[in-house]
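Peer 1: Starting off with a structure, shown below.
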Amino acid sequence: MNAVARPLLPHLRAQLPALGASDRKVAEAVLAQPGAVVFWSVSELAASAGTAKSSVVRFCQGLGLRGFHDLKLVLAQETAVEHRGAGPAGPWSVDAAIADGTALEGDEPEPVPDALGTVVWRGVETLRDTAATVDRDSFETTATRIAEAHTVLLVGSGSSAPLAHDAAQRLRSIGIRTAAPGDSPGQLVAAALLERGDVCLAISHSGATRGTLAALTAATDAGATTAAITSFSRSPLTELADHVLVAGARAASPRVPSLTSRLAHVAVLDALLVAVALRDELRAEAALARTSAALAEQRVPREQRPTRRRRPQPA
């Protein structure tokens, strides 16, 4: 941390796993209550983080700020923007239930009426953060490499695997030759068989999944261009990839893994799809037309669609 990245909060979330122990404690305290920190003293933030006041000052300077006062000014600006469109909150929100532990205890938790509102709002915040954390130059370069590639291999494990498979199908529909093996050995073999001019795009929330790292390493050894979509700016994956797209996500609580990283990664993949299509619109239009024609016979004509049978109402 040696330069002020703005907006600060989403970049701080993306850096969190790579911070040292002391900096991470301060960062977690700031991220937990950014609006409250605006009104705190340096002693109060140090007490909340469980660190010394000098650690707070070093943390601020590591961000490229002159000191704690500058941090409060930045937080005041960013939290003011967020509060203008504040989502659901209060003691009965999902965030509150998770934060105070009621949603994790063995006993029956208290009712949480607005689960939908809270999750949707977290998604809105995540998409806003994604727009701030994705490096535009890396994004444009990745889109160009995909558009020009002979073959694009998409890899991902766990919850990222369906995203890789879906992205491969959608890129294929605009004329890009793609592959997305569903298992780690298959991904490793496919990566090893890539050539110069091909692209391997890895998707990983943590950036530390063994199978994904192995596939990206094999792709690099084969001479292919590598790119990664991930949630954190420093990880084994970001060290390996030629181009990194950091799509940060907001966790509902530091105690619970992020529930919205999938949404952030889908947004980046959607944007890549559009950017790739725009680089060769004639190819994309022709491929989409052939795709639509191939699927036409699979669709049931409107006149043959069954009507819904309503169940008789009890007397």
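The values are calculated or read from the model by the stated rules, or taken from the named source; none is laboratory data. Keep in mind it's a predicted model, so treat the numbers as computed, not measured. Note that each Cβ is placed from the backbone with ideal geometry, even for glycine, and that neighbours are counted across all protein chains shown.
Peer 1: For the range 166-180, give me the residue count where each residue is under 25 Å from Gly223 (Cβ atoms) and part of a helix (DSSP H, G or I).
Peer 2: Number satisfying all stated conditions: 4.
Peer 1: Identify, by number, the condition in (1) in a loop (DSSP other than H, G, I, E, B); (2) under 26 Å from Gly123 (Cα atoms); (3) charged (D, E, K, R) that Arg66 doesn't meet.
Peer 2: Looking at each condition in turn, Arg66 falls short on (2).
Peer 1: Continuing with this model, one more query. Applying the selection to the range 194-223, what residues are farther than 16 Å from Ser261 by Cβ, free of Cβ contacts under 8 Å to residues at least 40 places away in the same chain and in contact with a strand residue (DSSP E or B) (Cβ under 7 Å, 6 or more places away or on another chain)?
Peer 2: Answer for the range 194-223, where residues must be farther than 16 Å from Ser261 by Cβ, free of Cβ contacts under 8 Å to residues at least 40 places away in the same chain and in contact with a strand residue (DSSP E or B) (Cβ under 7 Å, 6 or more places away or on another chain): just Thr220.
Peer 1: Test of understanding: among Val81, Val57, which residue is at pLDDT below 90, surrounded by fewer than 21 Cβ atoms within 10 Å (Cβ to Cβ) and assigned to a helix (DSSP H, G or I)? First the steps, then the outcome.
Peer 2: Values: Val57 fails: at pLDDT below 90.
Going through Val81, Val57 in turn, just one is at pLDDT below 90, surrounded by fewer than 21 Cβ atoms within 10 Å (Cβ to Cβ) and assigned to a helix (DSSP H, G or I): Val81.
Peer 1: I would also like to ask the following. Just one of (1) at pLDDT below 95; (2) of a type outside the set (Gly, Ala, Ser); (3) not in a helix (DSSP H, G or I) trips up Ile229, so point out which.
Peer 2: Every listed condition holds for Ile229 apart from (1).
Peer 1: Take the range 19-54 and flag every residue that is within 21 Å of Thr126 (Cα to Cα), aliphatic (A, V, I, L, M) and exposed (fewer than 15 other Cβ atoms within 10 Å of the Cβ).
Peer 2: Within the range 19-54, just Ala32 meets the criteria.
Peer 1: A further question follows. Check His150 against each of (1) modelled with pLDDT of 60 or more; (2) surrounded by 18 or more Cβ atoms within 10 Å (Cβ to Cβ) and name the one condition it does not meet.
Peer 2: (2) is the only condition that His150 fails.
Peer 1: Which numbered condition trips up Ala167, out of (1) surrounded by 22 or more Cβ atoms within 10 Å (Cβ to Cβ); (2) more than 27 Å from Glu285 (Cα to Cα); (3) of a type in the set (A, V, I, L, M)?
Peer 2: With (1) surrounded by 22 or more Cβ atoms within 10 Å (Cβ to Cβ); (2) more than 27 Å from Glu285 (Cα to Cα); (3) of a type in the set (A, V, I, L, M) applied to Ala167, the lone miss is (2).
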